[in-house]
1. What number of residues within the stretch 37-50 are on the phi < 0 side of the Ramachandran plot, not hydroxyl-bearing (Ser, Thr, Tyr) and not in a strand (DSSP E or B)?
2. Starting from the stretch 60-74, take each residue that is assigned by TED's automatic domain parsing to the domain that holds residue 30 and list its partners that are charged (D, E, K, R) and surrounded by 11 or more Cβ atoms within 10 Å (Cβ to Cβ), counting only C-beta distances under 9 angstrom and pairs at least six apart or across chains.
3. Answer yes if at least one residue in the stretch 149-162 is out of contact with any Pro (no Cβ under 6 Å at 6 or more places or on another chain), surrounded by 10 or more Cβ atoms within 10 Å (Cβ to Cβ), small (Gly, Ala, Ser) and part of a helix (DSSP H, G or I), and no otherwise.
4. Sort out which residues of the stretch 39-91 are within 16 Å of residue 12 (Cα to Cα) and touching a helix residue (DSSP H, G or I) at 6+ places or on another chain (Cβ under 6 Å), and write them in order of number.
5. Provide a single number: the residues in the stretch 3-61 that are more than 18 Å from residue 72 (Cβ to Cβ) and either under 60 Å from the mean Cα position of the chain (by Cα) or of a type in the set (Asp, Glu) (or both).
6. Filter the stretch 1-36 down to the residues that are within 19 Å of residue 106 (Cβ to Cβ) and not in a helix (DSSP H, G or I) and list them by number.
7. What tally of residues in the stretch 116-146 results from selecting those that are crowded, with 16+ Cβ neighbours inside 10 Å, more than 16 Å from residue 94 (Cβ to Cβ) and in contact (Cβ under 8 Å) with a residue 12 or more places away in the chain?
8. Which of (1) modelled with pLDDT under 90; (2) of a type in the set (S, T, N, Q); (3) farther than 30 Å from residue 60 by Cβ is the odd one out, the single condition residue 103 does not satisfy?
Amino acid sequence: MRNRSSSVFQKTAAEISAVLERALRNQPGYIRSDVVQLEPGSVQATVNNVFGTTNATQESVNQAINQAAANSDGLLKNATFTPKNLCEQQPLPCDVSSTMCTNTNGRAVCSCKEGYISIVYSNTSCRACPSGQRAVGDACQPCAFGYAGFNCNDSALLAVVVISCVLGGTLLILILALLIFCCWTRCSENKSDFSSSSPYSSNDVNQPWPTGVTPIPRATSNWDAAAPIEMTEGGSTHALVDKKPQSNGLSGSYDLNTDGMKTFKGRNPSRYSYLVQGHENPYFLPGDERKN
């Protein structure tokens, strides 16, 4: 009996279909009864009762079949009718991958799964939105930035963008830090070169004045006249003019020490000799030398 092409299966299936047709012909929207499977022994038949658009319910169909079996003297005598979930019947009434089946009053209702939209020409299956779009109601809408794939579940692009931004920011910070370090190093080298190029070091400030360098005369607030001085090779000074206390007063001149007119080595006249010359005394009167 399991062989649907055998004569026994076809004969038994025809008898069962005829009995059920008589029992359900008064149900609104009834079309036919199809025998799907037969088991040996006490005949166990799996039957699909096909209805069109109707207001018949599972309860009304069950009641009609049970009443026909109770009043039958033939094939349905003492038969037991057990209704099954229509969504579990083979072949399945709804597409498993895109829909969910719900048994409502003996009818299979197929509803679209999340991420799928309904098809106008089929009520047993649904379709998915293209990659990069997601289902919103019965329409497809583009995914947000960074998302792609089925129903916008792929966020690989967003991860790549975030990682790229982080790495780019880190690289920019490193470049700025390197530039700042190079500038700081160059400025430090320039300061070092300036300090080393100066003829005077910081330690020379506190050192005594070198003996080979002529000291610069400084201004004084005293009115005391200082004796003329001459610089010598060792940096020492001595008086250029040696005024004698006794003079005849005629010319008012000063006797000069020729030794003081020498150079540092004492061989040539001093370059300051032109500063000290003899002068006439306009206030001298003849005979004054005798008074003194």
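1. Qualifying residue count for the region: 2.
2. That search, which allows pairs on different chains as well, returns 68/22; 74/15.
3. Yes - at least one qualifying residue is present in the stretch 149-162.
4. The answer is 45, 75, 76, 79.
5. 3
6. Residues satisfying the conditions are 25, 26, 27, 28, 29, 30, 31, 32, 33, 34, 35, 36.
7. 5
8. Every condition holds for residue 103 apart from (3).
The values are calculated or read from the model by the stated rules, or taken from the named source; none is laboratory data. Being a predicted model, the structure only gives us computed values, none of them experimental. Glycine also receives a Cβ, built like all others from the backbone with ideal geometry; neighbour counts cover every protein chain displayed.
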